[in-house]
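Asker: Quick one: structure below, then a few questions.
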Amino acid sequence: MKLFTPAILSLAASALLATSVSAQSLCGFRDNEVITDVAGKPFDPLVGQWAFHWEATNYLPQGSAAIGTINVTRQLSGGYLQVDGTMTVNAGDRILRLATMASRRFGPSAQYQCQSYTNNIRGGSLHFPDGSQDTIWLFVFKTDSYDEIAMINEEYIDNIGLAHTLKGQAVKFNSTTQTANCNTLAGNPLRAGTGEWTLNTQSAVYDNERGTSAIGHLNFLNPLARPSVVGTISANHGAPSGTSQIIRLAATAGSYEPTACNNIALGGQGNGATMSFMVGAYATQYEAIYTNNLLSNMYILSLTNTATGPSLLGDPRFKTDIFNGTLMRFSSNGLPALLN
């Protein structure tokens, strides 16, 4: 496969956004015109901060998954929508952690699509340029509250031969409120006393040996020497023969490190953590980002090549098992009313 430089990738993806979207109905107005509601007030539902995740839905030749945060702004000069943010990608045995998504300049990085023959926004297109795997997304708003979107990729430009059928979702949050809540908890929302968390994770790529799904409960402790995580996890490791290895209520332990409380609207990376613990038979390291203002939900993505043993095809590309999923606060254990 021909190798592309990041600059060429970004330019190609930007061109694709412009050409693919311009061929669609965009409510009859230009990209730099703000939509207004029935009261004449500006209506720009994509503007703001979003946490997202995406993963492959087919796994050949290689799968991929990612999590990240974006900040969408309406530019005063030119009036177009601009997308900036950071993204962590696990793709084809390659980890790209906290990569800056440098938005396309002097042109739209996002555009709306509306219900036919109306100005009623129903979705649109987004450009995620991470400098490695540029992605063009088609999205729809999931409800009329306009705070959650479902996404499928329209184009995925890569240089290592990944699966090109992707799906994802994003949820809206307020980075100022989120960061204020993070600081209220002394920069460590996972510390001792913050309660129990529910884990739900699964394979985002089939490794030709087995896929994995897991559930469990975790507690994040904060001893003086090293922050640690303990809990129990149940896992199901599949196999090509149709058999599976069931691991039931196994004790798990590991460590974690919260990231600094950052406001992504001001150029920060957003709030989250890294953590590592056993998931069934695998020792797994995760990147985690908060997905709501109250710091009670997270998207998580593995940062390690977790599969073990020889590949059936004798190719190291098929030894990876990418895990992605969620962490949700199960109990608050006397947290401040702010987080109850």
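Asker: Considering only residues of the stretch 167-196 that are hydrophobic (A, V, I, L, M, F, W, C) and surrounded by 23 or more Cβ atoms within 10 Å (Cβ to Cβ), which is modelled with the lowest pLDDT? Even if it seems obvious, please write down each step before you answer.
Answerer: Applying the first criterion (hydrophobic (A, V, I, L, M, F, W, C)) to the stretch 167-196 yields 170-171, 173, 180, 182, 185-186, 190, 192.
Cutting the leftovers down to surrounded by 23 or more Cβ atoms within 10 Å (Cβ to Cβ) gives us 170, 173, 182, 190.
Values: ALA170: 98, PHE173: 96, CYS182: 83, LEU190: 67.
This residue is LEU190.
Asker: Another question about this same structure. Among the numbered criteria (1) open to solvent by 10 Å² or more (accessible area, probe 1.4 Å); (2) of a type outside the set (D, E, K, R); (3) modelled with pLDDT of 90 or more; (4) within 13 Å of the chain's Cα centre (by Cα), which single criterion is violated by GLY48?
Answerer: (4)
Asker: Report whether or not GLY309 is at pLDDT below 90, at positive phi and either in a strand (DSSP E or B) or out of contact with any strand residue (DSSP E or B) (no Cβ under 7 Å at 6 or more places or on another chain) (or both).
Answerer: Details: at pLDDT below 90: yes; at positive phi: yes; either in a strand (DSSP E or B) or out of contact with any strand residue (DSSP E or B) (no Cβ under 7 Å at 6 or more places or on another chain) (or both): yes.
Answer is yes for this residue.
Asker: Turning to a different aspect of this structure: What are the residues in the stretch 237-261 that are open to solvent by less than 50 Å² (accessible area, probe 1.4 Å) and part of a loop (DSSP other than H, G, I, E, B), if any?
Answerer: Taking the stretch 237-261 as the starting set, the residues that turn out to be open to solvent by less than 50 Å² (accessible area, probe 1.4 Å) are 237-239, 247, 250, 252, 254-256, 258-259, 261.
Residues satisfying the conditions are ALA239, THR259, CYS261.
The values are calculated or read from the model by the stated rules, or taken from the named source; none is laboratory data. Computed from a predicted structure; not experimentally measured. Cβ: placed from backbone, ideal geometry, glycine included. Neighbour counts: every protein chain shown. Accessible surface is based on the protein model in full, side chains and every heavy atom, while ligands, DNA and RNA are left aside. Shrake-Rupley method; radii C 1.70, N 1.55, O 1.52, S 1.80 Å.
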